[in-house]
Amino acid sequence: MTLAQLKQEIIAYSISIGIDKIGFASADPFVDLKDKLINQQDLGYQSGFEEPDIDKRVHPELLLPEAKSIIAIALAYPSKMKHAPLSTKGARRGLFCRASWGEDYHKILKRKMEQLEAFILEKAPNARVVSMVDTGELSDRAVAQRAGIGWSGKNCSIITEEFGSYVYLGEIITTLALPPDTPITEQCGSCTKCIDACPTGAIVQGGQLDSNKCIAFLTQTKTFLADEYREKIGNRIYGCDTCQQVCPENKGKDFHLHDEMEPDPEVVKPLLKELLFISNRQFKETYGLLSGAWRGKKPLQRNAIIALAHFKDVNAITDLERLLKEDPRPVIRGTAAWAIGKIAAEKSELILKVAKEREKDADVLREIEKGLNLLENHNI
């Protein structure tokens, strides 16, 4: 069998196991990407979740000696939720981004790639393969673009002709010299809708993201959220879809091709107050399946408190007061104090003044002062 024939067999097999798009690229170093990554690092635009060794991100041969090709795959995920519950007064809800609907996509992609790896090794026993998704060293976007999966959009996502940017990406490095596909050049043109719509201005320019300003990143942090972003986060519990929702290439794109990606509406659009006191066991049972649970419950609870403040939910004051009194975590107590001031309920001032006398943590005391200042400005 020739390598060209093997490529066709891999494509046919990928379709049979539910891979929505597949492309092939050379494993040559990503020379142009290296300069961009160094620039991102110098500007302080990285999130800290990336592989710190830039050479590993641009040299596939460091991950697999004698690497010749990279196989890129894409799986399309839904953009619309069926039977979504309403967020109503007294029963306000948060929202997980679309990439956290259904089962953790890392696991879904890993299963597909394991099947594909087994098929390749059955056909070419002497080949070697290494697969990765998201948390791997290589840039999923750079690989996908080179492999012709889609183009790298101004919103820093891969945009495919068929599925828009609502795709999960993964790749397999191999020692097989499979014929490469043609890269797709950027097709965003003069459109700047994603840049204009970004709530925090995180998209510095087309294709360049300051990760530290991105709501998708901010919702995953475990510390106090900077004041300037609390107004921007809205009711987002995990992630952000704004730059994808406004993209013209995503208009009308909604694919329900994988049952395991279908969201449970009550889980991905949860009642905010129910998140506040959830036990570790309940959290694992309810949210453990989601990719959005990987950082634990603390960031999601902090975000839920901010969302309640966003809605100015007076019905949440008693719950927030309880957090301020009883929660052992300063970030949760402090954020609750700020939220109590933001909501500006009838008894907010009394709650905060009592807490001020009791509280010992300096960070929480600062948040209590912020809450009191919000009340003072509210009353002016």
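Every read-out reported here was derived from the displayed coordinates using simple, explicitly stated rules and does not represent laboratory data. Everything numeric here is computed off the predicted structure, so don't read it as measured data. Cβ coordinates were reconstructed from backbone atoms using ideal geometry, including for glycine residues, and neighbour counts include every protein chain displayed.
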Quiz item: Is it fair to say Asn303 is free of Cβ contacts under 8 Å to residues at least 40 places away in the same chain and in contact with a Gly (Cβ under 9 Å, 6 or more places away or on another chain)?
Solution: no
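So, in the range 201-223, of the ones that are among the hydrophobic types (A, V, I, L, M, F, W, C) and crowded, with 18+ Cβ neighbours inside 10 Å, which residue ends up nearest to the chain's Cα centre (by Cα)?
Ala216
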When every residue in the range 287-310 that is buried (at least 18 other Cβ atoms within 10 Å of the Cβ) and over 12 Å from Ile237 (Cβ atoms) is compared, the one farthest from the chain's Cα centre (by Cα) is Ala309
Condition set aliphatic (A, V, I, L, M) and crowded, with 16+ Cβ neighbours inside 10 Å, scope the range 335-350, selection nearest to Lys298 (Cα to Cα): answer is Ala336
Only one of (1) farther than 21 Å from Arg98 by Cβ; (2) touching a strand residue (DSSP E or B) at 6+ places or on another chain (Cβ under 8 Å); (3) part of a helix (DSSP H, G or I) does not apply to Cys194, and that is (1)
Condition set over 12 Å from Ala339 (Cα atoms) and among the acidic types (Asp, Glu), scope the range 351-379, selection surrounded by the fewest Cβ atoms within 10 Å (Cβ to Cβ): answer is Glu357
Scanning the range 6-46 for residues that are in contact with a strand residue (DSSP E or B) (Cβ under 9 Å, 6 or more places away or on another chain) and small (Gly, Ala, Ser), the one surrounded by the fewest Cβ atoms within 10 Å (Cβ to Cβ) turns out to be Gly18
Assess whether Lys269 counts as being in contact (Cβ under 8 Å) with a residue 60 or more places away in the chain, closer than 23 Å to Asn315 by Cα and in contact with a strand residue (DSSP E or B) (Cβ under 9 Å, 6 or more places away or on another chain). yes
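Every residue, every condition in (1) closer than 30 Å to Glu266 by Cβ; (2) part of a loop (DSSP other than H, G, I, E, B); (3) in contact (Cβ under 8 Å) with a residue 24 or more places away in the chain, yes or no:
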position: Tyr13; (1), (2), (3): no, no, yes
position: Ile22; (1), (2), (3): no, no, yes
position: Asp35; (1), (2), (3): no, no, no
position: Pro52; (1), (2), (3): no, yes, no
position: Ala74; (1), (2), (3): yes, no, yes
position: Pro78; (1), (2), (3): yes, yes, yes
Among residues of the range 330-359 being in a loop (DSSP other than H, G, I, E, B) and under 35 Å from the mean Cα position of the chain (by Cα), the residue farthest from Leu275 (Cα to Cα) is Glu359
